[in-house]
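Each reported figure results from applying straightforward, stated rules to the coordinates on display, with no laboratory input. Here the structure is a predicted model, which is why all the values come from computation and not from measurement. All Cβ positions, glycine included, derive from the backbone under ideal geometry; neighbour counts span all protein chains shown.
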Amino acid sequence: MITQEFERQDGNSELWGQIFGPGGHPALTKMHRTYRWIPSPPRCRLCRVPFKSVGGWIMGKRGKSPCRRNPYYCSACDVFLENFPGGAEVEMSILYVDIRNSVKAAYESPTSAVAKRVNAFLQIATDIITRNDGFIMAFYGDCVVACWPPGFVGPDHAAKAVAAARSLSVAFDAESHIPAGTGVTSGPTYICTVAAGAGTFRDVSIFGHTVNLAARLASAAPGGRALVSTDVEGTDAGAANSYKLKGIDSPVTAVEI
């Protein structure tokens, strides 16, 4: 049996800290200001160059079309991942959103209906997250993981993550045909390249307690609700409750929205 072993990449910490941390890297910040006015989404996760419409066609002619190896990045930024693998710990906000009762729904419904339901969920969740400046990091079956690095989205990353959570709660409320729970937290997160053992695939991922906590909050959130930990800036601590979460040693204080 052939297995692929993924390893976290270290190194180039200062560069990665500049890119994803407060203030952002000067060269990328300049690109963000330029490309934001050129239509249209979807865009490269790193430099935000557009992939669609006239802007996408022009940038494609300049070598910034979607990378065939990973369409979330443009071909130019993919070269960056190859040349400067590494990572850094950055304070950012993390969001998980997860469909409720998916096992029961899969048991009771035809597989085609399950696939249609999950695809609708992924599309709606992606639209809400990206409208609020979030970056989709992963799809895990019927779960979406997103982050808000301050170097890309600004110092109000927590407020944007909470705004996305509120919209997700409305879109996937308990009475909808796709009820989902959301978890949000902020804290130090290691963002880095990950590579397959054979070196044939490289992507950006996030690691650490902050990521795990957001996942556990999402699992504990009722359908159509979000649990936001009180370490998220601006959270109303007066409405907080204590939650015992699987795999987390100490109770976590969070606000339900």
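In order along the stretch 34-46, phi translates into HN-Hα couplings of 6, 6, 4, 8, 9, x, 8, x, x, 10, 4, 4, 9 Hz, rounded to whole numbers, per the Karplus curve 6.51 cos²θ - 1.76 cosθ + 1.60 with θ = phi - 60° and x for Gly and Pro. For the pair Gln123 and Asn241, the difference between a 0.36 nm per residue extended length and the Cα-Cα distance amounts to 39.3 nm.
The residue among Ala174, Val255, Val228 whose Cα reaches farthest toward the positive pole of the charge dipole of the chain, with charges on the beta-carbon of Lys, Arg, Asp and Glu, is Ala174.
Length available on full extension from Ser250 to Asp173: 0.36 nm per residue minus the Cα-Cα distance, which gives 24.8 nm.
Counted without the sites themselves, the longest stretch of the chain free of chymotrypsin sites (Phe, Trp or Tyr not before Pro) in a DSSP loop having at most 15 other beta carbon atoms within 10 Å is 38-200. Each label was represented as a point 7 Å from its Cα along the Cα-to-Cβ direction; for Leu15 and Val54 these points are 3.5 nm apart. Cysteine residues of the chain whose Cβ has no partner cysteine Cβ closer than 4.7 Å: Cys47, Cys67, Cys77, Cys143, Cys147, Cys192.
The Arg33 and Arg8 beta-carbon pair, evaluated with R₀ = 30 Å, returns a calculated FRET efficiency of approximately 0.45. If R0 is 22 Å, the Cβ-Cβ spacing of Thr230 and Arg166 corresponds to a FRET efficiency of close to 0.85. You can think of it this way: the chain between Lys116 and Glu91 has 5.4 nm of extra reach, that is 0.36 nm per residue less the Cα-Cα gap.
What's the longest bit of the chain with no exposed trypsin sites (Lys or Arg not before Pro), using DSSP loop states and at most 11 other Cβ atoms within 10 Å as the test?
Maximal segment without exposed cleavage sites: 69-243.
Excluding same-chain neighbours fewer than eight residues apart, the lysines reachable from Lys52 by a Cα-Cα span under 29 Å are Lys30, Lys61, Lys64, Lys116, Lys160. The angle between the Cα long axis of helix 209-220 and the longest principal axis of the Cα atoms of the chain comes to about 40 degrees, rounded to the nearest 10. Relative contact order for the chain: 20 percent, from Cα pairs under 8 Å spaced at least 6 residues apart, divided by residue count.
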